[in-house]
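Have a look at the structure below before the remarks.
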Amino acid sequence: MTVEARRDPRSEAGKWHRESRARHFRERAIKIVLAACACVSVLTTFGIVFVLIFETIAFFREVSVVEFLTSTTWSAAFANPQFGIIVLISGTLLTSIIAIAVALPVGLLAAIFLSEYASTRLRRWLKPALEVLAGVPTIVYGYFALTFVTPFLQSTIFPSLTIFNALSAGLVMGVMIIPTIASVSEDAIYAVPRGLREGAYALGATKREVATKIVVPAALSGIVAATILGISRAIGETMIVAVAAGNLAQLTANPQEAVQTMTAFIVQVASGDTPTGSLTFNTIFAVGTTLFIMTLILNIVSYLFVRRFREIYE
Amino acid sequence: MTRSGTGIAQKGGPEQESVFKTSTAVRYALDLVFTILVFVATMIGLVVLAVLLIDIARDGVPRLSWEFLTGFPSISPERSGVYPALLGSLWLLVITAIVSVPLGVGAALYLQEYAPDTWLTRLIEVNVSNLAGVPSIIYGLLGLGIFVNLLGPITGGQSIVSGALTLALLILPVVIIATREALRAIPDSVREGGFALGATRWEVIRGHLLPMALPGALTGTILALSRAIGETAPLIVVGAATYITFVPEGPLSAYSALPIAIYDFVSRPQEAFQIAAAAGIVVLMVVLLLTNSVAIWLRNKYQRRG
């Protein structure tokens, strides 16, 4: 009762019975206020869905769904525009695949090192240091990709690399995603029971064999979850690709060329002076809806995989 | 460990294929290679981080000056400054904190201390963790649709308030999750002791749970706020301006922000603007370093007590 006493030191006697109705009322009011706070998160989801659906319907009144899904040209900002979302999706997938090709092996091996090899002391230093990578603002990575990685690659491995290209953006994005993959994989690896490792050691397996043939397969669903989460991050990542990948909406599988992702398109239109309510402006919501659906599906699948490895070992 | 035993076991049947490789020398050599491989993989991220920091410091630090910090954007890269952007970021930070902290702590208190275990509660929980995975640019579209367009007459359209509310919703899931974890770490005996003395739920929360959860919740919240300072994409979508030649006068004013200024510099072709971008990044990173240091200091203080 320290609180009550501090609040009103005079009401020493009969404090428990006095104004119990008022206290009851206050308790109820506070509970309602707190529940309202919790509802804000639900309202946020409704808000996102409402805005996306509302503006996307406005877009599809003028552009047919079939053209949106099947056309292979994207020229939203030009006269006589064409809206083939496949072009933007391909740009998004290209940069995301490069990012995952970097982040999955590096992140997984780092997770193995942190959980199986590093001493507790080393781990306590390395984990936060790796997590700094996820805390660096993405605009900083964009600058780094454009002014350091691209010139570096041009002068060493890829002389024909254009200034804006999918490769640098994807590589740097991969570095950004390493902590995501490493930390979710490590949770899964950590959850593998000690008995499995000891059983393998007892059969004469070496440390590497235990790590690659026992621990990784046992933690596989968690590692899959980490990978899907990483892909979801890569697809939603914006500033690296907006700065370094070039904003050229073309259908290509060549990472040395410029591409435009869904996110970069939204930034390009929003930072220009496109009038609100115009067709081009509504386009960013149609693209946003596509992006939202893709990341939502990936997040749900990842969540299901995480739940599976929890069910097995916990 | 019976590592050497496997070699003997295989001698009985030469035709019999086994998953066990008998040559321990090769296996130990591979072990050494693998150990080096996992160590190198762990270091790759840190090396890139070091290269990034050195590169930016080398490009940006010589460009830093008092004039850069107090100057306004200009068509001349040498005279460009980040003063309005720096102030815009501070405005955003303060309003985002004022909105997201009470909402986030309130929601966490409800979910952790009050909510009955029903489908509705579980729906809210799944919803919170799902919101944490929504790309930040989608929050920008939300802010554009709701705060800028729908509530434009109240928020002033593309104003600091619209930007800050968008960022507040963006970091809300992180604040909720951090606060819930801090509350969960408090033993139930604290709550039961309070109830046994006749305290109501709110009295227990205000007198005991909140003070005890504060450092943990604060650490997570500050980290979330520092993420908000570095966000660029949602602010571009809700209309932060790149070319602002005045200091923001109030919450309804048009504004710029540090990451927006950096994006503006970096998207210009001239070399001198790229250097200005690097200088802007140095300023941004120093701001982030300060906020993160506060968070780490709080965490260490908290851990020592626990």
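The values are calculated or read from the model by the stated rules, or taken from the named source; none is laboratory data. Quick caveat, the model's predicted, so the values are computed rather than measured. Note: ideal-geometry Cβ built from the backbone for every residue, glycine included; neighbour counts use all protein chains shown.
Restricting attention to segment B:225-255, report how many residues are among the hydrophobic types (A, V, I, L, M, F, W, C) and away from chain A (no Cβ under 11 Å).
Of the residues in segment B:225-255, 6 are among the hydrophobic types (A, V, I, L, M, F, W, C) and away from chain A (no Cβ under 11 Å).
Could you say whether any residue in segment B:83-94 is in a helix (DSSP H, G or I), farther than 26 Å from B:Gly220 by Cα and either outside the structural domain of B:Val175 (by TED's automatic domain parsing) or modelled with pLDDT of 80 or more (or both)?
Yes; the residues of segment B:83-94 include at least one that is in a helix (DSSP H, G or I), farther than 26 Å from B:Gly220 by Cα and either outside the structural domain of B:Val175 (by TED's automatic domain parsing) or modelled with pLDDT of 80 or more (or both).
Mind checking which residues of segment A:258-280 are more than 8 Å from every other protein chain (Cβ to nearest Cβ), out of contact with any Asp or Glu (no Cβ under 9 Å at 6 or more places or on another chain) and farther than 24 Å from A:Gly170 by Cα?
Those that are more than 8 Å from every other protein chain (Cβ to nearest Cβ), out of contact with any Asp or Glu (no Cβ under 9 Å at 6 or more places or on another chain) and farther than 24 Å from A:Gly170 by Cα: A:Gly272, A:Asp273, A:Thr274, A:Pro275, A:Gly277, A:Ser278, A:Thr280.
Can you tell me which residue within segment B:254-301, out of those that are of a type outside the set (Lys, Arg) and assigned to a loop (DSSP other than H, G, I, E, B), is surrounded by the fewest Cβ atoms within 10 Å (Cβ to Cβ)?
That would be B:Pro269.
When you scan segment A:115-134, how many residues do you find that are at the interface with chain B (Cβ under 9 Å from one of its Cβ atoms) and either in a helix (DSSP H, G or I) or touching a Gly at 6+ places or on another chain (Cβ under 9 Å) (or both)?
Total satisfying the criteria: 8.
Give segment A:67-104 a look and list any residue that's out of contact with any strand residue (DSSP E or B) (no Cβ under 9 Å at 6 or more places or on another chain) and either outside the structural domain of A:Ile293 (by TED's automatic domain parsing) or not in a helix (DSSP H, G or I) (or both), or say none.
Result: A:Leu69, A:Thr70, A:Thr72, A:Ala77, A:Phe78, A:Ala79, A:Asn80.
When you go through A:Ile178, A:Ile163, A:Ile112, A:Ile139 one by one, which is the residue that is buried (at least 24 other Cβ atoms within 10 Å of the Cβ), among the β-branched types (Val, Ile, Thr), more than 19 Å from the chain's Cα centre (by Cα) and within 13 Å of chain B (Cβ to nearest Cβ)?
It is A:Ile112.
Would a scan of segment B:114-132 turn up a residue that is at pLDDT 90 or above, of a type in the set (Gly, Ala, Ser) and touching a Ser or Thr at 6+ places or on another chain (Cβ under 6 Å)?
No: segment B:114-132 contains no residue that is at pLDDT 90 or above, of a type in the set (Gly, Ala, Ser) and touching a Ser or Thr at 6+ places or on another chain (Cβ under 6 Å).
Please list, ordered by residue number, the helices (runs of 4 or more DSSP H) wholly in segment B:136-215 having 1 or more residues that are within 26 Å of B:Asn300 (Cβ to Cβ).
Those helices (runs of 4 or more DSSP H) span B:160-184, B:188-196.
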